[in-house]
Amino acid sequence: MLFRSAYYGVNEILSTIMLNVVAVQLMNFLLRGPLIDPGEIERGTRIPQTERLVESSDLPLLFGSGRLHIGPLIAVLAAVAAYILLWRTPLGFKVRAVGFSRDASRYAGIAGKRTIVLAMTMSGALSGLAGAVLVFGSESHRMVTDGSTAGFTGNAGFNGIVAALFGALHPLWTIPASFLFGGLLVGGLALQRAVQVPSALILALNGLVVIFVVSSERFKRRLRERPVPVGDVPTTDPSDSPEATSPPDSIDPAGEGDP
């Protein structure tokens with residue numbers, strides 16, 4: 001997929017969303033076949049899940065008890081590392097330059113295709129880190145799926161896109177945006193159990209956020225490209241310029257010419 005984006009100009013978001021369906025169905029096949037827990041076959045239940053992972057792979061809990069593990073801390077550190085890489089290193093400057101304008105970066109001598117492949121590789125590594133946190137930090141400590149198109153991630157990728165857009169595509173601003181939408185998702189499920197408010201309302205809210213963020217970017221771009229009226233352009237009196245008050249170079253101020 002990253003080579004198609006780098007060499008053929010395929011949109012990254014659309015291609016990854018379509019390949020998500022392929023990856024989820026492949027995972028469903030593996031969890032129902034080669035990776036299924038042998039105990040499920042013996043009991044005849046055949047729940048699509050793996051064996052319980054070894055206890056040494058469990059993520060440590062932050063407070064020794066409860067359900068809060070070091071996964072959020074890993075995510076925050078990854079966001080800070082992404083900020084340092086993108087805004088404080090030459091490689092990050094190249095990545096941002098190619099992202100802003102591929103043609104301008106090529107004119108400046110930056111290898112656009114190589115930079116895109118490298119950026120997509122690092123993005124895939126961060127996605128793999130997020131998936132590992134979901135598995136090793138889960139309550140069951142195993143990979144399990146319900147057979148839906150969301151897979152075992154529970155639409156975490158789509159929620160990540162919404163949080164990134166709400167955070168203005170900046171690594172540091174995505175930190176509070178992620179906590180905000182994480183609270184909305186958990187609170188939506190709690191409201192559905194408590195007062196029968198449908199949790200799908202949160203999904204509608206995510207869609208509204210995407211619409212308003214994308215629309216605001218287009219609105220701000222139109223404001224920047226709007227021509228300035230002629231009456232708003234500051235004008236200066238030619239007599240106020242230094243050239244108008246200083247004598248020409250060809251005239252001797254003392255009234256004497258060169259010998």
Next on the checklist: Tell me whether region 202-211 contains one or more residues that are surrounded by 12 or more Cβ atoms within 10 Å (Cβ to Cβ) and within 14 Å of the chain's Cα centre (by Cα).
Outcome noted: yes
Checklist entry - Can you tell me which residues in region 121-140 are among the hydroxyl-bearing types (Ser, Thr, Tyr) and not in a helix (DSSP H, G or I)? => result Ser138, Ser140
Checklist entry - Quick check: is even one residue across region 142-157 hydroxyl-bearing (Ser, Thr, Tyr), under 30 Å from Glu51 (Cβ atoms) and not in a loop (DSSP other than H, G, I, E, B)? => result yes
Item to check | helices (runs of 4 or more DSSP H) wholly inside region 1-96 that include at least 3 residues being more than 28 Å from the chain's Cα centre (by Cα) and more than 28 Å from Leu169 (Cα to Cα) | outcome: 12-32, 38-43
Checklist entry - Has region 137-159 got any residue that is surrounded by fewer than 18 Cβ atoms within 10 Å (Cβ to Cβ) and more than 30 Å from Glu40 (Cα to Cα)? => result yes
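A quick yes/no check of all residues on (1) touching a Gly at 6+ places or on another chain (Cβ under 7 Å); (2) free of Cβ contacts under 8 Å to residues at least 12 places away in the same chain; (3) not small (Gly, Ala, Ser):
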{"position": "Ala75", "(1), (2), (3)": "no, no, no"}
{"position": "Tyr107", "(1), (2), (3)": "no, yes, yes"}
{"position": "Lys113", "(1), (2), (3)": "no, no, yes"}
{"position": "Ala119", "(1), (2), (3)": "no, no, no"}
{"position": "Ser123", "(1), (2), (3)": "no, yes, no"}
Checklist entry - Quick check, is Ile175 more than 24 Å from Ala79 (Cβ to Cβ) and modelled with pLDDT of 80 or more? => result no
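The values are calculated or read from the model by the stated rules, or taken from the named source; none is laboratory data. Model, not experiment: these values are computed from the prediction. Cβ coordinates were reconstructed from backbone atoms using ideal geometry, including for glycine residues, and neighbour counts include every protein chain displayed.
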